[in-house]
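Below is one structure, written out as structure tokens; comments come after it.
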Amino acid sequence: MKIAVTGGTGTLGARVVAELARRGHDVGALSRTAPAALPTGARHHAVDLVTGAGLDDALRGVEVVVDASNGPPNGADDVLVGGTRRLLAAERAAGVRHHVGVSIVGIGDVPMGYYRTKVAQEEEIVRGEVPWTILRATQFHDLVAMLFGATSRYRVLPGFRALLQPVAVDEVAVAVADLAVGSPRLGREEIVGPEVVELRDLARSWRAHTGRRAMVVPGRLPGGLGRALRRGGLTDRAAPARGTTTFAAWLEHPT
Ligand SMILES: NC(=O)c1ccc[n+]([C@@H]2O[C@H](COP(=O)([O-])OP(=O)(O)OC[C@H]3O[C@@H](n4cnc5c(N)ncnc54)[C@H](OP(=O)(O)O)[C@@H]3O)[C@@H](O)[C@H]2O)c1
């Protein structure tokens with residue numbers, strides 16, 4: 001199949017491109033900047049979702065689009081909402097028959113600006129004219145480790161009460177690839193990590209693994225955001241699809 005992956009050079013997108021190429025598909029990785037290398041069977045197309053530049057050429061003959069693009073945490077609207085609108089219009093013109101969107105577990109229940117943007121992005125997909133599937137994932141192990149790496153520069157790690165269920169991005173990429181080669185579900189699927197864990201315990205695992213000297217700072221985030229995180233708004237213990245790699249195992253063998 002001819003499949004385009006927008007954001008195909010990002011944390012998730014690059015893995016999706018690799019997984020689809022490994023399965024023998026003709027894969028386009030779409031992003032603004034070409035990567036240093038791509039797997040055999042994949043090509044890069046320069047595309048800007050904010051302006052729409054490059055989209056028509058990149059989607060010629062494409063049957064399925066996986067959108068794994070992302071924008072900066074403050075101001076992701078242009079890429080995720082406006083970009084989705086532009087992408088879907090170009091997909092319709094090109095005759096794409098399946099759009100696979102990537103989203104986040106719990107976005108409707110956790111009041112954060114970025115999550116409101118993700119809700120708006122999902123709405124664009126649902127009311128768009130291209131048959132669709134949305135895969136909601138929990139936080140990637142990479143993101144959690146990146147957060148700890150950033151705050152540890154100040155010798156602190158966040159230990160406020162929050163439940164997370166992080167997942168290995170490789171396992172999410174396989175789930176995305178499975179959906180991409182199937183029929184549009186016109187619905188949302190989920191993939192979550194193997195365990196629901198307090199943020200402070202993830203911080204302690206990260207500190208033990210890296211040997212960094214940093215204090216895990218306890219606390220309670222105020223307001224609705226704090227309440228939502230404490231009650232596990234970003235987790236789903238009942239999700240049928242579950243990764244198997246724990247955060248501690250991933251730290252030993254990050255991929
Ligand atoms: N990270 C997580 O923990 C997590 C968890 C669940 C779901 N998700 C979702 O998964 C998706 C991918 O996230 P990620 O963390 O893998 O993203 P990422 O690593 O930040 O990658 C973003 C990708 O988007 C491309 N991009 C950015 N601006 C663009 C533009 N204007 N036009 C075209 N391409 C653009 C980037 O390439 P260029 O900069 O070269 O354009 C890059 O390939 C997002 O929808 C995110 O909400 C993420």
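Taken over region 67-82, the criterion of being open to solvent by less than 10 Å² (accessible area, probe 1.4 Å) and closer than 14 Å to VAL5 by Cβ is satisfied by ASP67 alone. Restricting to region 95-113, name every residue that is open to solvent by 40 Å² or more (accessible area, probe 1.4 Å) and not in a loop (DSSP other than H, G, I, E, B). Passing the criteria: only GLY113.
Determine, yes or no, whether VAL50 is modelled with pLDDT of 95 or more, open to solvent by less than 20 Å² (accessible area, probe 1.4 Å) and hydrophobic (A, V, I, L, M, F, W, C).
The answer is no for VAL50.
I'd like the full set of residues that are loosely packed, with under 15 Cβ neighbours inside 10 Å, modelled with pLDDT under 95 and more than 16 Å from the ligand (Cβ to nearest atom), limited to region 19-44. Once the filter is applied, which keeps residues that are loosely packed, with under 15 Cβ neighbours inside 10 Å, modelled with pLDDT under 95 and more than 16 Å from the ligand (Cβ to nearest atom), region 19-44 yields only THR40.
One line per residue, one yes/no per condition, for (1) in a strand (DSSP E or B); (2) in contact with an Asp or Glu (Cβ under 6 Å, 6 or more places away or on another chain); (3) basic (Lys, Arg):
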{"position": "THR133", "(1), (2), (3)": "yes, no, no"}
{"position": "LEU147", "(1), (2), (3)": "no, no, no"}
{"position": "ALA173", "(1), (2), (3)": "no, yes, no"}
{"position": "ALA177", "(1), (2), (3)": "no, yes, no"}
{"position": "SER183", "(1), (2), (3)": "no, no, no"}
{"position": "ALA203", "(1), (2), (3)": "no, no, no"}
{"position": "ARG207", "(1), (2), (3)": "no, no, yes"}
{"position": "LEU225", "(1), (2), (3)": "no, no, no"}
{"position": "GLY233", "(1), (2), (3)": "no, yes, no"}
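Can you tell me which residue is surrounded by the most Cβ atoms within 10 Å (Cβ to Cβ) among those in region 114-162 that are within 14 Å of the ligand (Cβ to nearest atom) and of a type in the set (Lys, Arg)? So the residue we want is LYS118.
The values are calculated or read from the model by the stated rules, or taken from the named source; none is laboratory data. Not measured: the values here are computed from a predicted model. All Cβ positions, glycine included, derive from the backbone under ideal geometry; neighbour counts span all protein chains shown. Just the protein is used for accessible areas: all its heavy atoms, side chains included, with ligands, DNA and RNA removed. Shrake-Rupley method; radii C 1.70, N 1.55, O 1.52, S 1.80 Å.
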